[in-house]
Every structure is written in structure tokens, then in C-alpha cells.
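S.K.: Below you will find the structure I want to go over with you.
The values are calculated or read from the model by the stated rules, or taken from the named source; none is laboratory data. Everything numeric in this text was worked out from a predicted model, so none of it was measured. So basically every Cβ, Gly included, is an ideal-geometry build from the backbone, and we count neighbours across all protein chains shown.
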Amino acid sequence: MGEARVSTTRRKTRSIALQVLYEADAVGREWPLVLERRVEQESLTPSARVFAHNLIEGVLNNRTKIDTIISDFAPSWPITQMAIVDRNILRMAIYEMILGGDTPPKVAINEAVELAKVFGSDSSPRFVNGVLGSVMETTKT
């Protein structure tokens, strides 16, 4: 039961992190202020707040590297022309898969696909899964 709760909390927290990244990307708002507002609205636990903060900060601090990876695996879709929600889902998942260190790649991909189902277009889940599956295959050690 505890593991299911952690998973649900992490999924909710990823959803909030995506919304913060989207708002920062789309309209250039300062992400810490956006996160603080979302934390208050959603009544996140302290551990969920830390997870969201670390995920957002990790994505933004490594955005150039992450965007290069996305561009390598989705060359037909320039990052600037990609749907904002799709590119931020990919950024979060790639950060978790490669740079974050504590999320198994299959979990990161599954979570990204679930976010794409909720926030993306009809084609987003397939697109996200395809890009992340290729990233995972290439980065296996």
C-alpha cells in the first residue's frame, strides 16, 4: 500500500512539475514562483515538494544537454517547433533516465507516456514513447 501511495504521489508531483515547466517555457515566468503557487494549491508534502523542485531544477540546469539528446532522437521535429507540452515531458523523462539517477528508465518512460495521455495531443503518447524508447536503447550500458 505504501508503494502505491508513493507512486501516486510521484505521478501527481510529475504532473505539477510539468505544469511549472510548461508555464516557464510558454510565458517565461520564474519557475520558483510558479512552483510555490502550485505547491500551495495542491498541498504537496515536503518530500513531494523536494522531488518537484529537484526535477524542475535538474531539467532547467541541463536543458541544453537534454535538448541535444531530444534533437538527436527526433531530428524531424525541431525542438522549437515541437509542442511545448511534448518537449517538456521529454525533458523531464530524459533528465530522470540519464541525469537524475534514481528513476529506472522504464518507469520514466511509463510516467512520461501517462503525462502525454493527459496533457498532450492524440499523437503525443506514441511520439513520447518512441523518442524515449530510442533514448533508452542507445543509453543502455
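S.K.: How many of the residues making up the stretch 120-135 are out of contact with any Phe, Trp or Tyr (no Cβ under 7 Å at 6 or more places or on another chain), assigned to a helix (DSSP H, G or I) and surrounded by fewer than 18 Cβ atoms within 10 Å (Cβ to Cβ)?
M.R.: So the answer is 4.
Okay, residues lined up against (1) of a type in the set (Phe, Trp, Tyr); (2) part of a helix (DSSP H, G or I); (3) within 12 Å of the chain's Cα centre (by Cα); (4) modelled with pLDDT of 95 or more:
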position: Ile70; (1), (2), (3), (4): no, yes, no, yes
position: Met82; (1), (2), (3), (4): no, no, no, no
position: Arg91; (1), (2), (3), (4): no, yes, yes, yes
position: Ile94; (1), (2), (3), (4): no, yes, yes, yes
position: Asn110; (1), (2), (3), (4): no, yes, yes, yes
position: Val113; (1), (2), (3), (4): no, yes, yes, yes
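S.K.: Still on this structure, please answer the following. Listed residues Ala24, Ala48, Ala17; which is in contact with a Ser or Thr (Cβ under 8 Å, 6 or more places away or on another chain) and crowded, with 18+ Cβ neighbours inside 10 Å? Quick ask: steps written out before the conclusion?
M.R.: Values: Ala24 fails: in contact with a Ser or Thr (Cβ under 8 Å, 6 or more places away or on another chain); Ala17 fails: in contact with a Ser or Thr (Cβ under 8 Å, 6 or more places away or on another chain).
Just a single option satisfies the conditions, and that option is Ala48.
S.K.: Where the second residue is in a helix (DSSP H, G or I) and among the small types (Gly, Ala, Ser) and the first is without any contact (Cβ under 8 Å) to a residue 24 or more places away in the chain and lies in the stretch 72-99, which pairs have Cβ atoms under 6 Å and are six or more apart or on separate chains?
M.R.: Taking only residues 6 or more apart or on different chains, the pairs are Ile79/Ser71.
S.K.: Quick check on the stretch 107-121. Is at least one of its residues among the acidic types (Asp, Glu) and under 20 Å from Arg11 (Cβ atoms)? Give the derivation first.
M.R.: Just the residues of the stretch 107-121 that are among the acidic types (Asp, Glu), to begin with: 111, 114.
Filter again for under 20 Å from Arg11 (Cβ atoms), leaving 111, 114.
For the stretch 107-121, residues among the acidic types (Asp, Glu) and under 20 Å from Arg11 (Cβ atoms): present.
S.K.: So, one more: Within the stretch 92-106, which residues are buried (at least 21 other Cβ atoms within 10 Å of the Cβ) and either more than 18 Å from Arg10 (Cα to Cα) or of a type in the set (Ser, Thr, Tyr) (or both)? Spell out the reasoning first.
M.R.: As a first pass, look at the stretch 92-106 and keep what is buried (at least 21 other Cβ atoms within 10 Å of the Cβ): 92-97.
Hit for the stretch 92-106 is Tyr95, nothing else.
S.K.: Okay, moving on. How many residues are outside any helix (DSSP H, G or I) and either among the aromatic types (Phe, Trp, Tyr) or in contact with a helix residue (DSSP H, G or I) (Cβ under 7 Å, 6 or more places away or on another chain) (or both) if we restrict to the stretch 96-108?
M.R.: Filtering the stretch 96-108 for residues outside any helix (DSSP H, G or I) gives 101-104.
Checking the rest, the ones that are also either among the aromatic types (Phe, Trp, Tyr) or in contact with a helix residue (DSSP H, G or I) (Cβ under 7 Å, 6 or more places away or on another chain) (or both) come to 103.
Selection size over the stretch 96-108: 1.
S.K.: Same structure, new question: Quick check: is even one residue across the stretch 64-75 of a type in the set (Lys, Arg) and closer than 19 Å to Phe119 by Cα?
M.R.: Start the filter on the stretch 64-75 by keeping residues that are of a type in the set (Lys, Arg), which leaves 65.
Imposing the further condition that a residue be closer than 19 Å to Phe119 by Cα reduces the set to none.
The answer is no; no qualifying residue exists.
S.K.: For the stretch 115-132, how many residues meet the condition of being within 12 Å of the chain's Cα centre (by Cα), under 16 Å from Ala17 (Cα atoms) and not small (Gly, Ala, Ser)? Don't jump to the end; show me each part of the working.
M.R.: Our first condition is that a residue be within 12 Å of the chain's Cα centre (by Cα); within the stretch 115-132, this holds for 115-116, 119, 128, 132.
Add one more test, that the residue is under 16 Å from Ala17 (Cα atoms), and what stays is 115-116, 119.
Remaining after also requiring not small (Gly, Ala, Ser): 115, 119.
Here the count works out to 2.
S.K.: Among the candidates Ile66, Ile84, Ile79, Ile89, single out the residue that is buried (at least 18 other Cβ atoms within 10 Å of the Cβ) and farther than 19 Å from Arg11 by Cβ.
M.R.: Just one listed residue meets the conditions, Ile66.
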